[in-house]
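Student: Next up is a structure, given as structure tokens.
No value in this document is a laboratory result; all are computed from the given coordinates. All figures in this text were calculated on a predicted structure; none of them were measured in a lab. A quick note on method: Cβ atoms are made from the backbone with ideal geometry, for glycine too, and the neighbour counts reach across all protein chains shown.
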Amino acid sequence: MNCDGARDSIILATYGELPDDQAVGLEQHLAGCEECVAEWNAMRRMSQLVGLHPVVEPDPNLVAQSRMRLDEALDAIPQHGFLMRVRADAMAWLGHLQGAPALATLLLGIGFLGGNFTYRYQVAHAPKAPPLVILSNTGGGISTISGITQLPNDMVKVSYNRVVPEVAEGSLDDPQIRRLLMVGTNAAANNGVRTDSVTLLANECRAGHECKTESDGTGIRAALLVSLRTDKNAAVRLKALEGLQPYVSQDERVRDAVAQALLTDSNAQVRTKAIKMLEPVQSDTSVRQVLQTVSTTDDNPYIRTVSTEALRGTSSIQ
């Protein structure tokens with residue numbers, strides 16, 4: 001596999017769409033190509049950073065008004081008038097170019113040189129993202145986390161794949177083990193690995209161990225926020241909530257993520273857990289607004305009732 005093919009495979013692997021027969025070729029290529037390893041780590045880091053930002057849906061009224069204005073504007077255009085003008089302009093340009101082949105060649109050359117210069121400038125000035133996970137004792141990038149086993153005495157064993165499967169064993173306080181667990185939260189094809197990874201990281205946060213978001217947007221707390229917002233497994237999202245619970249009062253990003261889960265998560269257990277977690281910050285204005293919305297619009301009667309009770313508790317606080 002050459003570098004161009006590896007870059008295409010890295011994109012597919014990031015979104016969990018790389019076929020198994022191509023995964024082996026990618027792993028072999030990453031073992032000996034530092035540039036593609038940097039590309040792999042940059043894609044993984046981008047995926048984590050994107051997951052930190054919730055998808056903002058446009059206001060339904062704005063969408064409806066925009067559609068009405070578009071329909072009115074289209075109705076006001078004379079039939080075929082615009083298309084005929086575009087066609088006439090295009091034919092006029094073709095006529096000019098046919099009469100001036102030198103001009104056509106010049107325009108083509110300018111377009112090619114301008115596009116090439118722009119591409120080189122973007123590549124040269126693109127931010128260099130630090131590697132997400134590079135272990136000093138082996139070469140190449142980590143492809144997948146294949147298994148996690150908790151051992152006695154607060155130890156954990158993580159099985160992961162490079163060119164061939166490898167195993168790392170150490171304490172949960174070991175930075176290498178923590179990095180591997182954070183990679184495991186993105187194991188797209190293995191629910192068990194994601195569940196085990198998020199569970200262990202959440203336990204670390206609940207125990208008061210080092211659980212923070214670094215200045216570059218990485219870290220255990222950031223990984224749990226990504227899992228809460230993007231993981232398709234409700235059990236994983238519940239575990240992420242448990243790990244984030246100690247930080248609802250002190251971290252606004254955690255509070256906003258929990259409130260967003262209450263509004264949009266499809267699982268009733270996750271939404272119920274989110275209500276319980278928001279009880280210590282019920283007096284917050286944004287939290288009250290979310291509770292008011294849920295108390296009147298949620299499909300689940302129990303959740304509407306619990307939200308209403310939480311709002312009554314807010315009133316008594318004030």
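Student: Just order 28-38, 296-306 by mean Cβ neighbour count inside 10 Å, highest at the front, would you? Kindly include the intermediate steps, with their values, before the conclusion.
Tutor: On the way: 28-38: 17.6, 296-306: 13.1.
So the peptides 28-38, 296-306, ranked by packing, come out 28-38, 296-306.
Student: Further question on the same structure: First measure r as the distance between the Cβ atoms of A268 and N2, then evaluate 1/(1 + (r/R0)^6) with R0 = 51 Å and state the FRET efficiency to the nearest 0.05. Intermediate values should be presented prior to the final figure.
Tutor: Values: r = 49 Å, r/R0 = 0.97.
After rounding, the FRET efficiency stands at 0.55.
Student: Further, regarding this structure: Starting from the 7 Å offset along Cα-to-Cβ, what nm value, one decimal, do you get for the label separation of K212 and R304?
Tutor: 4.4 nm
Student: If R0 is 35 Å, what FRET efficiency do you get for M155 and E279 from their C-beta distance, rounded to 0.05?
Tutor: Working: r = 35 Å, r/R0 = 1.01.
That pair, M155 with E279, gives E of 0.50.
Student: Another question, if that's okay. Sort 280-292, 233-245 by the packing proxy (mean of other Cβ within 10 Å over each peptide's residues), most packed first. Don't skip to the answer; put the middle values down first.
Tutor: Details: 280-292: 16.5, 233-245: 21.7.
Ranking, from highest mean packing down: 233-245, 280-292.
Student: Now for a separate question. Could you pull out every residue, at least 5 positions away or on a different chain, whose amide H is within less than 5 Å of the one on G147? Hs are placed 1.01 Å off N in the peptide plane, and Pro or chain starts have none.
Tutor: S159
Student: Give the calculated FRET efficiency between L311 and V24 to the nearest 0.05, with a Förster radius of 45 Å applied to their Cβ-Cβ distance.
Tutor: Working: r = 55 Å, r/R0 = 1.23.
Given R0 = 45 Å and the Cβ-Cβ separation, E is 0.20.
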